[in-house]
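**Q** Quick one: structure below, then a few questions.
The values are calculated or read from the model by the stated rules, or taken from the named source; none is laboratory data. What you are looking at is a predicted structure, and each value in this text was computed from that prediction instead of being measured. FYI the Cβ positions are ideal-geometry reconstructions off the backbone, even for glycines, and counts take in every protein chain you see. Please note that ligands, DNA and RNA were not included when accessible areas were found on the heavy atoms of the full protein model with its side chains. Shrake-Rupley method; radii C 1.70, N 1.55, O 1.52, S 1.80 Å.
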Amino acid sequence: MAERVENTAQKVVIINKSDSTGGAAVVSFRLMEAMRERGVDARMLVAEKLTDSPYVQLIASPLRLKAAFAADRLRIALANGAQRSTLFKLDAAAFGIDVADLPAVKEADIVIINWINQGVLSLKGIRRLTESGKRVVWTMHDMWNMTGLCHHAGDCGRFLQGAECGECPLLGKHGSPNDLSHRTWLEKRRLYADAVAAGNGMEFVAVSTWLRDKALASGLLHDACLRVIPNLFRLPEETELKRTEAPGRLRLIFGAARLDDDIKDLPLLIGTLSQLSARHPELASRTSLTLYGGIRDASILERLRIPYQYHGLIRDPAKIRDLYLNSDIVLSTSRYETLPGTLVEGQAYGCLPVAAGLGGQPDIIHDGLGIHLPPVEGETRADYAARLADAIADAARMLRADAPSLRHRMRRSLEDRFSPDAVVAAYLSP
């Protein structure tokens, strides 16, 4: 068995599905770059390589990757009755690429596993990594590690301690006590227990306090080696903060990789802005909205009651930066966002955050620097949208009262929590 590195490791490999598509990919790539800048030989293994970085490599040939992806999706389709609505909401990690013998893995002191579903790694392949004697750190970007199949359990409590996944609601009529969610839950339990018994217990990282608390309440991870390390965000230099102000106007911004992802709750955003028009008509008459991200049917945006500009999916960070520098408030209506990066990015460029949802938002919105408004049990969607509309009006008043001080304090708060130095040191510490 290889000797585990007890202090600063010099070689790290980060495994993620992509190096640029999706939130986990973006923060994984940032982590690799930050480690390299600090003298660590960090590399990425991916199934989708879109950057030109020489330190990112594919884990297999395109043909093998396509075959693993197809087999993995077929497994889910057989379990859910080929229901397309949940085909990409469930993962069993039954198929994937075995990376344990790749040179980058064999030479690494630390293996960091990030988002590896849809045919990237299988649970069997992850078992091989834990048996290698290397330090294995698994970063959780959602709830999948603690459930049978789903990435966000919502109102389902089958993942909780004292229960076991099975009769999965997302499998619908195809769910049963011994369905795929139950069998995968059992396989994860064996994987975690065997790693601990062999003295190679995996370390789990939750990117937010909310996600850690969910893990500690779960049947699979309640006694795991678990830490909170937030995602790394590179804050812009002061010279980049050349904001364009619009006195008398209120400019909102809302972005995501996919605007119509159920978790982002685009209908709640539309309802909130309708309530803003009804409850605060004078403010609404001076308000506009910027949106960016993929969407299947952009016609839903025609229901917005305020002027808007839709920019589509943007991959260029400089273009996203310019959108934030021309905005005042960054919005998030996500239901179960683990650690919404748009709220960090927005604050970094001077936008006050207003967020809904139950998740990692309180880890981002600190010390009165923005508004986090979770739903109240039993309230209607209309009532919730009305409260969010009032929160936007409150945030607008905060900006009018002292925007320069708010922006200065937001930056200092972000530096304390999300800087490259802090995050890299946390990952490398034993």
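**Q** On the accessible surface of segment 328-430, probed at 1.4 Å, how many percent belong to carbon and sulfur atoms? Before the final figure, lay out each step's value.
**A** Working: 2120 of 3820 Å².
Percent of accessible area from carbon and sulfur atoms in segment 328-430: 56.
**Q** Report, in whole Å, the centroid distance computed from the Cα atoms of segment 235-307 and segment 185-216.
**A** That distance is 38 Å.
**Q** Then there's this: Using DSSP, restrict attention to beta bridges with both residues in segment 66-209 and report what percent are antiparallel, rounded to the nearest 5.
**A** Values: 1 of 9 bridges.
So the antiparallel bridges amount to about 10 percent of the total.
**Q** Here's another thing I want to ask about it. Loop only per DSSP, at most 16 neighbouring Cβ atoms within 10 Å: give me the GluC sites (Glu not before Pro) in segment 1-94, ordered by residue number. Present the calculation step by step, with values, prior to reporting the outcome.
**A** Values: sites: GLU3, GLU6, GLU33, GLU37, GLU48; in loops: GLU3, GLU6.
Loop-located and lightly packed - GLU3, GLU6.
**Q** Which residues in segment 59-101 place their backbone N less than 16 Å from a point set 7 Å from the Cα of THR21 along the Cα-to-Cβ direction?
**A** 59-73, 88-89
**Q** Can I ask one more? Cα extents of segment 53-155 along the three principal axes, largest first, in whole Å?
**A** Sorted from largest, the Cα extents of segment 53-155 read 42, 33, 27 Å.
**Q** Go through 217-226, 298-307 and give me the packing order, highest mean Cβ count within 10 Å leading.
**A** Numbers: 217-226: 17.7, 298-307: 13.1.
Result, highest mean first: 217-226, 298-307.
**Q** Same structure again: Using +1 at the Cβ of each Lys and Arg and -1 at the Cβ of each Asp and Glu in the chain, identify which of ALA256, PHE204, VAL376 lies farthest towards the dipole's positive end.
**A** Sorting the options by dipole projection puts first ALA256.
**Q** What does the accessible area of HIS311 come to, in Å² to the nearest 10, when a probe of 1.4 Å is used?
**A** HIS311 exposes around 80 Å² with every protein chain in place.
**Q** With bins 20 Å wide starting at 0, give me the P(r) of the chain over every alpha carbon pair, in whole percents.
**A** Using 20 Å bins, I get a P(r) of 25, 56, 18, 0 for the chain.
**Q** Another question, then. Suppose R0 equals 56 Å. What FRET efficiency, 1/(1 + (r/R0)^6) with r the Cβ-Cβ distance, do GLU415 and GLU107 give to the nearest 0.05? Walk me through the numbers before you get to the answer.
**A** On the way: r = 34 Å, r/R0 = 0.60.
Efficiency at R0 = 56 Å is approximately 0.95.
**Q** Follow-up. Which Cα, out of CYS156, LEU216, GLY119, lies furthest along the positive dipole direction of the chain (beta carbon charges, K/R +1, D/E -1)?
**A** In the chain, that residue is GLY119.
**Q** I would also like to ask the following. Which of the residue pairs LYS49/LYS242; LYS11/LYS319; LYS17/LYS214; LYS134/LYS319 have a Cα-Cα distance greater than 31 Å in the structure shown?
**A** Numbers: LYS49/LYS242 33 Å; LYS11/LYS319 33 Å; LYS17/LYS214 24 Å; LYS134/LYS319 40 Å.
Distance filter (> 31 Å) returns LYS49/LYS242; LYS11/LYS319; LYS134/LYS319.
**Q** A further question follows. Can you give the FRET efficiency for ARG36 and LYS66, using 1/(1 + (r/R0)^6), R0 = 30 Å, r = Cβ-Cβ distance, to the nearest 0.05?
**A** On the way: r = 30 Å, r/R0 = 1.00.
With a Förster radius of 30 Å, E is 0.50.
**Q** So, for the chain, what is the accessible surface per residue at a probe of 1.4 Å, expressed in square angstrom?
**A** Numbers: 18500 Å² over 430 residues.
Per-residue value: 43 Å².
**Q** For the pair LEU358 and PHE88, how long in nm is the line joining their label points, each one 7 Å along Cα→Cβ?
**A** In this crude label model, LEU358 to PHE88 measures out at 2.6 nm.
**Q** For the chain, modelled as a GNM with alpha-carbon contacts under 10 angstrom, which of MET143, MET398, MET44 fluctuates the most?
**A** MET398
**Q** Once every DSSP H run of n ≥ 4 in the chain is given -39500 (n - 2.57) and the sum is divided by its residues, what mean residue ellipticity at 222 nm do you get, rounded to the nearest 500 deg cm²/dmol?
**A** Numbers: 13 runs with 158 residues, N = 430.
Value at 222 nm, helices only, nearest 500: -11500 deg cm²/dmol.
**Q** Just want the answer: with Cβ charges of +1 for Lys and Arg and -1 for Asp and Glu, which residue in GLY294, VAL228, GLY350 is farthest toward the dipole's positive end in the chain?
**A** Farthest towards the positive pole: GLY294.
**Q** Now a separate question. For segment 372-430, what does the alpha-carbon gyration tensor say about shape, rounded, prolate or oblate, given a ≥ b ≥ c as the root eigenvalues, a/c under 1.5 as rounded, and a/b over b/c as prolate?
**A** Details: a/c = 6.16, a/b = 1.58, b/c = 3.91.
Verdict is oblate for segment 372-430.
**Q** So, in Å, what gap is there between the alpha-carbon centers of segment 385-429 and segment 317-357?
**A** Each part's Cα centre sits 10 Å from the other's.
**Q** While we're on this one: Determine which residues of segment 260-291 fall in the zone a paramagnetic label at TYR310 would reach in this model, i.e. backbone nitrogen under 18 Å from the point 7 Å along Cα→Cβ.
**A** 260-274, 288-291
**Q** In a Debye calculation with equal point scatterers on the alpha-carbon sites of segment 297-383 and no solvent, what is log10 I(q)/I(0) at q = 0.14, 0.17 Å⁻¹?
**A** For segment 297-383 at q = 0.14, 0.17 Å⁻¹, log10 I(q)/I(0) is -0.59, -0.85.
**Q** Take peptides 81-91, 346-356 and line them up by average Cβ neighbours within 10 Å, highest first, as a rough protection proxy.
**A** Highest mean packing first, the order is 346-356, 81-91.
**Q** Measure nothing fancy, just the Cα-based angle from helix 62-80's long axis to the longest principal axis of the chain, in degrees from 0 to 90, nearest 10.
**A** So the helix axis and the longest Cα principal axis differ by about 80 degrees.
**Q** Calculate how many DSSP beta bridges within the chain are antiparallel, expressed in % of all such bridges and rounded to the nearest 5.
**A** Working: 2 of 45 bridges.
If we restrict to bridges inside the chain, about 5 percent are antiparallel.
**Q** Hey, what angle do you get for helix 381-418 against the long axis of the chain, alpha-carbon based, 0 to 90 degrees rounded to 10?
**A** Long axis of 381-418 versus the principal axis of the chain: about 70 degrees.
**Q** Starting from the Kirkwood radius over alpha-carbon pairs of segment 164-227, derive D by Stokes-Einstein at 20 °C in a medium of 1.002 mPa s and give it in µm² s⁻¹. Could the numbers behind the result be given before it?
**A** Numbers: Rh = 12.9 Å.
So the translational diffusion coefficient is about 166 µm²/s.
**Q** Would you pull out the residues with amide H under 5 Å of THR287's amide H, same chain only if 5 or more places away, H placed 1.01 Å from N?
**A** LEU250
**Q** While we're here: Magnitude of the Cβ-charge dipole of segment 119-264, K/R +1 and D/E -1, about the Cα centre, nearest 20 debye? If you can, show how the numbers build up before the last one.
**A** Working: 21 positive and 18 negative charges, 55 e Å.
Its charge dipole is roughly 260 debye.
**Q** Of all DSSP beta bridges located in segment 3-154, what percent are antiparallel, nearest 5? Let's see the in-between values first.
**A** Details: 1 of 18 bridges.
Of all bridge pairs located within segment 3-154, approximately 5 percent are antiparallel.
**Q** For LYS49 and ALA298, FRET efficiency with R0 = 30 Å and r from the beta-carbon atoms, rounded to 0.05? Each step should come with its number before you reach the end.
**A** Details: r = 29 Å, r/R0 = 0.97.
Once the sixth-power term is evaluated, E becomes 0.55.
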